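J.: Got a structure here, written out as C-alpha cells. Questions coming.
Every number in this text was worked out from the coordinates using simple rules, so none of it is lab data. Everything quoted here is computed from the prediction, not taken from an experiment. Note: ideal-geometry Cβ built from the backbone for every residue, glycine included; neighbour counts use all protein chains shown.
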Amino acid sequence: MTPLTAPAHTPAALDFTRPTPLPVARELTMDDLSAALSDAAADFRAAPLYGLAFGGFYTLVGAGALGTCIAFGWTHLVVPVISGFL
C-alpha cells in the first residue's frame with residue numbers, strides 16, 4: 001500500500017506524507033473563564049441588538065415549533081424538534 005501524497009500544486013501545508021502533530025490542550029483556569037465572560041459581556045454591550053435579535057428569533061421559532069407539535073398531537077416529536085433550539 002502506498003502512502004498518500006499531495007499533488008505537485010498543493011501547498012506544503014497539505015503534505016500528507018508527514019504525520020501532523022496532535023494539538024496539546026492546556027488546562028483551563030477560572031481566569032480563562034472570567035476573561036471569556038468579560039469579553040462576551042463587552043461584545044454584548046457594544047452591540048446588544050445583534051444578540052437580542054438572534055435570541056428573539058430562535059426563541060420565537062422554537063416556541064412555534066413546540067406549539068405546532070403540541071397542536072397536532074406530535075408530542076413524541078417535541079424533544080427532537082426543539083433540541084436544536086436548546
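J.: Net charge near residue 52: determine it from the other residues with C-beta under 13 Å of the C-beta of residue 52, scoring Lys and Arg +1 and Asp and Glu -1.
T.: Every neighbour counted, the sum reads 0.
J.: Using per-residue counts of other Cβ atoms within 10 Å, averaged over each peptide, order 49-61, 26-38 from highest down.
T.: Peptide ranking by packing, descending: 49-61, 26-38.
J.: Residue-wise, which Karplus ³J(HN,Hα) couplings in Hz belong to segment 71-82, taking 6.51 cos²θ - 1.76 cosθ + 1.60, θ = phi - 60°, and x for glycine or proline?
T.: 5, 8, x, 8, 5, 5, 9, 4, 5, x, 5, 8
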